[in-house]
Amino acid sequence: MSGSVHGLYNQQMQQVEQYYAPYNVLKNCCKDTRSSGMQFSFQAQDEQFFTLDSSPATDYVVNDSPPALSVSSNRSPFSPQCSQSYMSDLHHSSDNTCGSPLSGCSGIDDGDLRHVLRELENKLLGPESDTDDSCSCSLKDMVSKPSSVTRWNRVLDMAPGLNLKELLNACAEAVSDADISTAEALMSALEQRVSVSGEPMERLGAYVLEGIRARLLSSGSIIYKKLKCKEPTGSELLSYMQVIFNMCPYYKFAYMSANVVIREAMMNENRIHIIDFQIAQGSQWMFLLHDLARRPGGPPFVRITGVDDDESAYARGGGLQLVGERLAEVAKSCGVPFEFHGAALSGCEVQLENLRVNHGEALAVNFPYMLHHMPDESVSTINHRDRLLRLVKSLSPKIVTLVEQESNTNTAPFLPRFRETLDYYTAMFESIDAARPRDDKGRISAEEHCVARDVVNIIACEGADRVERHELLGKWRLRLRMAGFTQCQLSPSVGETIKDMLKEYNPNYQYAESEGAVYLGWKNRALATSSAWR
């Protein structure tokens with residue numbers, strides 16, 4: 001089964017390309033189409049690139065929300081216990097569901113952490129310190145405490161000898177400790193060490209620094225809304241998001257795994273209804289339509305309901321009718337009876353009547369990197385995240401596909417959330433670095449407009465303004481089961497398809513299977529998961 005999907009991708013790329021390449025503007029993750037031989041051009045830009053514009057406020061305000069009450073989560077019996085490391089800072093957050101099959105837990109490697117902590121301890125206290133490196137220690141815990149002034153003075157004295165990651169963590173700790181003068185001094189030091197065209201940590205550091213500054217200036221929400229993934233001027237140019245989409249396999253992982261699951265679930269159905277809660281340009285379904293056209297006995301009738309939001313419409317340069325027209329043209333070209341319905345609203349606004357579910361149609365629901373944008377019980381008593389899951393369950397879908405980032409940032413307080421974000425996006429920036437030159441202007445613009453905005457939002461914002469709220473797969477399992485879903489075991493063809501796809505990419509991309517789900521990661525860090533439910 002996997003051979004047909006992977007073969008379809010290669011065989012149909014040229015046919016789909018005429019619809020697909022100029023329009024596919026997707027959010028917050030990545031894809032690669034190097035095998036297609038497509039060439040990209042970019043509008044001339046100024047030679048000098050800057051980081052984000054942090055709109056100043058009159059007074060500094062340090063935001064740090066406490067951990068919010070959430071549904072408790074148990075570790076998988078296959079997941080190793082997380083030793084006391086950065087993840088121990090997340091212990092009191094009920095989001096903490098450790099044990100991705102790639103990394104042991106979604107956080108920083110314990111051995112590396114202890115080495116860093118010991119190195120910092122020696123720098124700050126001297127080699128004779130008797131600190132027990134088996135416990136989780138923050139930077140401020142490692143410095144003797146006659147006074148906070150003395151403690152942070154020592155940190156500032158040692159700042160020139162700290163590596164960039166240590167310096168970023170020190171700055172975050174100063175912000176968490178409400179020591180604004182120290183944070184400002186460390187930010188000044190960081191400005192000399194970061195670059196949007198440097199090494200992965202230098203590039204990420206530039207945006208993390210902007211996130212810290214935006215947190216102090218209470219301007220994170222403004223930056224997030226400003227940095228939309230729009231297309232550069234000129235019809236011949238690809239969108240910023242398309243650049244990242246073409247470099248990394250994260251969205252291809254989502255599309256291909258979900259398409260295999262849906263195709264297999266609908267194998268004997270003559271009328272299929274697909275609800276896509278993040279349809280963007282609809283490119284995922286172009287591939288599935290070509291695949292269904294080849295089904296023995298003839299293609300089924302396919303109806304797609306595309307849920308949209310303002311940002312997708314902004315990036316696309318028009319409403320959902322554009323998506324429907326493109327999909328209808330593809331369906332007609334391959335002989336698939338087709339109907340499209342657009343629901344131009346956000347997930348928080350979706351009600352039963354918006355989805356137009358008809359009796360006699362087998363229903364598939366797709367959640368591609370979308371649910372983490374839905375506010376949950378920690379943000380609002382309405383809890384749209386769980387409300388939407390219960391709504392979908394009430395439709396009795398035959399299959400539901402879920403793809404999400406494997407990160408723990410939803411209800412964690414500022415400091416552990418900062419560390420988790422730094423760890424997660426370090427892996428992502430390293431993977432982007434492997435695909436494009438460091439001075440590539442298209443990459444720089446794409447990272448700024450489509451990745452940096454997420455980093456800023458996670459670090460700088462709280463409450464309803466923080467819309468990037470990732471959860472680990474263990475927590476999604478609990479939410480789905482509480483809504484009445486049962487997880488489906490993925491067939492071997494899903495794994496075979498993803499492994500075939502990854503042959504086109506850097507060997508540092510990793511694939512793993514665990515408890516019926518599949519994971520995509522970079523080196524030893526899990527970055528995305530795909531699972532199926534009914």
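Overview of values
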| item | result |
| --- | --- |
| Residue among 517, 532, 528 that is open to solvent by less than 10 Å² (accessible area, probe 1.4 Å), without any contact (Cβ under 8 Å) to a residue 60 or more places away in the chain and either among the aromatic types (Phe, Trp, Tyr) or touching a strand residue (DSSP E or B) at 6+ places or on another chain (Cβ under 6 Å) (or both) | 517 |
| Residue 381 surrounded by fewer than 19 Cβ atoms within 10 Å (Cβ to Cβ) and either β-branched (Val, Ile, Thr) or touching a helix residue (DSSP H, G or I) at 6+ places or on another chain (Cβ under 6 Å) (or both) | yes |
| The listed residue being assigned to a loop (DSSP other than H, G, I, E, B), of a type in the set (A, V, I, L, M, F, W, C), modelled with pLDDT of 95 or more and at negative phi, out of 261, 330, 336, 302 | 336 |
| Subset of region 393-408 that is out of contact with any Phe, Trp or Tyr (no Cβ under 8 Å at 6 or more places or on another chain) and in contact (Cβ under 8 Å) with a residue 40 or more places away in the chain - its residue that is surrounded by the fewest Cβ atoms within 10 Å (Cβ to Cβ) | 394 |
| Condition check for residue 388: out of contact with any helix residue (DSSP H, G or I) (no Cβ under 6 Å at 6 or more places or on another chain), of a type in the set (A, V, I, L, M) and modelled with pLDDT of 95 or more | no |
| Residue, least open to solvent (accessible area, probe 1.4 Å), within region 348-358, restricted to residues that are in a helix (DSSP H, G or I) and farther than 24 Å from residue 270 by Cα | 348 |
| Residue satisfying condition, being open to solvent by 10 Å² or more (accessible area, probe 1.4 Å), among the aliphatic types (A, V, I, L, M), touching a helix residue (DSSP H, G or I) at 6+ places or on another chain (Cβ under 6 Å) and within 27 Å of residue 516 (Cα to Cα), within set 256, 267 | 256 |
| Matching option when the condition is under 24 Å from residue 240 (Cβ atoms), open to solvent by 10 Å² or more (accessible area, probe 1.4 Å) and out of contact with any strand residue (DSSP E or B) (no Cβ under 9 Å at 6 or more places or on another chain), among 390, 436 | 436 |
| Number of the exception - residue 161 against (1) under 21 Å from residue 418 (Cα atoms); (2) at pLDDT 85 or above; (3) loosely packed, with under 15 Cβ neighbours inside 10 Å | (1) |
| Leading residue by the ranking (surrounded by the fewest Cβ atoms within 10 Å (Cβ to Cβ)) among those in region 452-467 that are of a type outside the set (Gly, Ala, Ser) and in contact with a Lys or Arg (Cβ under 7 Å, 6 or more places away or on another chain) | 457 |
| Test set (1) surrounded by fewer than 20 Cβ atoms within 10 Å (Cβ to Cβ); (2) touching a strand residue (DSSP E or B) at 6+ places or on another chain (Cβ under 9 Å) - residue 491 fails condition number | (2) |
| Where residue 430 falls short, out of the listed (1) at pLDDT below 95; (2) closer than 17 Å to residue 196 by Cβ | (1) |
| Qualifying positions in region 318-347 - out of contact with any strand residue (DSSP E or B) (no Cβ under 9 Å at 6 or more places or on another chain), open to solvent by less than 40 Å² (accessible area, probe 1.4 Å) and farther than 23 Å from residue 261 by Cα | 318, 326 |
| Residues located in region 270-283, provided they are open to solvent by 10 Å² or more (accessible area, probe 1.4 Å) and within 25 Å of residue 516 (Cα to Cα) | 278 |
| Qualifying strands (runs of 3 or more DSSP E) (wholly inside region 487-534; at least 3 residues being touching an Asp or Glu at 6+ places or on another chain (Cβ under 7 Å)) | 525-533 |
| Among the residues listed as 470, 449, the single one being of a type outside the set (A, V, I, L, M), in contact with a strand residue (DSSP E or B) (Cβ under 6 Å, 6 or more places away or on another chain) and either open to solvent by 10 Å² or more (accessible area, probe 1.4 Å) or in contact (Cβ under 8 Å) with a residue 12 or more places away in the chain (or both) | 470 |
| Every pair of residues 6+ apart whose Cβ atoms lie under 6 Å, when the first sits in region 188-210 and is surrounded by fewer than 18 Cβ atoms within 10 Å (Cβ to Cβ) while the second is outside any helix (DSSP H, G or I) and of a type in the set (Asp, Glu) | 197/439 |
| Hey, residue 479 surrounded by fewer than 23 Cβ atoms within 10 Å (Cβ to Cβ), over 19 Å from the mean Cα position of the chain (by Cα) and touching a residue at least 60 places away in the same chain (Cβ under 8 Å) or not | no |
| Filter pass, residue 426 being in contact (Cβ under 8 Å) with a residue 60 or more places away in the chain, of a type in the set (Val, Ile, Thr) and open to solvent by less than 10 Å² (accessible area, probe 1.4 Å) | no |
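The values are calculated or read from the model by the stated rules, or taken from the named source; none is laboratory data. Remember, it's a predicted structure, so these values are computed and weren't measured experimentally. All Cβ positions, glycine included, derive from the backbone under ideal geometry; neighbour counts span all protein chains shown. Please note that ligands, DNA and RNA were not included when accessible areas were found on the heavy atoms of the full protein model with its side chains. Shrake-Rupley method; radii C 1.70, N 1.55, O 1.52, S 1.80 Å.
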